[in-house]
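The values are calculated or read from the model by the stated rules, or taken from the named source; none is laboratory data. Just so you know, these numbers come straight off a predicted model, no measurement behind them. Counting neighbours? That spans all protein chains shown, and the Cβs are built from the backbone with ideal geometry, glycine included.
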Amino acid sequence: MEWFSTLTLALGSAWTSGINLYATVSVLGLLQKFGAAKLPGGLEVLDNWWIIGFAAGLYVIEFFADKIPYVDSIWDVVHTFIRIPAGVIVAYAATDQLDAGIYIPAALVGGGLAFASHGTKAAARIGANLSPEPVSNWVLSIFEDVVAFLGTLLAVFAPFIIAGILVIFVAAFLWFFPRVYRAIRRLFAAVAAFFRGESFEAIAKRAG
């Protein structure tokens, strides 16, 4: 069942990369560095202190950016072009020692999971930014961090649990996809309007 553990680690890490890439890389790197786990395939390179330090530094920046209304949404738009490709890379790197019939589909599914988790995160944030109170941003951000850290640990140490979580998440995402799509559309429209000097909140409501 080693292939199953490798596959679930790959897909689980790709999924958490869509939520918080830097937390995922930091946790994987530290687990490998201190011998708590032996990462498969190309993920072994993550035990480099330069990589761990760089990812941890970016995590700290994201930790604060993620809790500022509207800044978090701009951050999410930028990271649409970072988290999703990273999900592909993480899934591919974890499975590249397996048969091509596994690592190529794994990379594609990993990218899809990163897209789904990133899209869900971004959709939740645009909804929070349109609410009249500031608490929801903090609650969502902390919850996302917990999911990213815990999800990465489960991907490494609990393959059957993370597999179950992924199945449930995918089913829920497909059910709510129309709402997620509308929210993402509002997000991109609002960020574009913000850089044109318009009101982020007003344009987001119009786009909805």
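Brief remarks on what is shown
- Close pairs (8 angstrom Cβ cut-off, 6 or more residues apart or separate chains): over 16 Å from Leu28 (Cα atoms) in region 54-68, of a type in the set (Phe, Trp, Tyr) and part of a helix (DSSP H, G or I) anywhere: Glu62/Tyr22; Glu62/Trp75; Ala65/Trp75; Asp66/Trp75; Lys67/Trp138
- Any hit, region 99-111, residues being under 14 Å from Thr24 (Cβ atoms) and small (Gly, Ala, Ser): yes
- Only a single criterion out of (1) over 17 Å from the mean Cα position of the chain (by Cα); (2) free of Cβ contacts under 8 Å to residues at least 24 places away in the same chain is not satisfied by Gly127, namely (2).
- Filtering region 67-83 for residues that are modelled with pLDDT of 95 or more and touching a helix residue (DSSP H, G or I) at 6+ places or on another chain (Cβ under 6 Å) leaves a non-empty set.
- Test: residue in region 79-92 that is charged (D, E, K, R), closer than 22 Å to Phe173 by Cα, touching a Leu at 6+ places or on another chain (Cβ under 6 Å) and buried (at least 17 other Cβ atoms within 10 Å of the Cβ): yes
- Taking each residue of region 161-188 that is over 17 Å from Ser13 (Cα atoms) and looking for partners that are aromatic (Phe, Trp, Tyr) and modelled with pLDDT of 95 or more with beta-carbon atoms closer than 9 Å, six or more apart or interchain, yields Val180/Phe173.
- The lone exception for Lys67 - which of (1) in contact with a Leu (Cβ under 7 Å, 6 or more places away or on another chain); (2) not in a helix (DSSP H, G or I) it fails: (1)
- Failed condition for Thr16, given (1) touching a residue at least 24 places away in the same chain (Cβ under 8 Å); (2) polar (S, T, N, Q); (3) out of contact with any Ser or Thr (no Cβ under 8 Å at 6 or more places or on another chain): (3)
- Checking each residue in region 80-100 for being assigned to a helix (DSSP H, G or I) and free of Cβ contacts under 8 Å to residues at least 24 places away in the same chain picks out Phe81, Ile89, Ala100.
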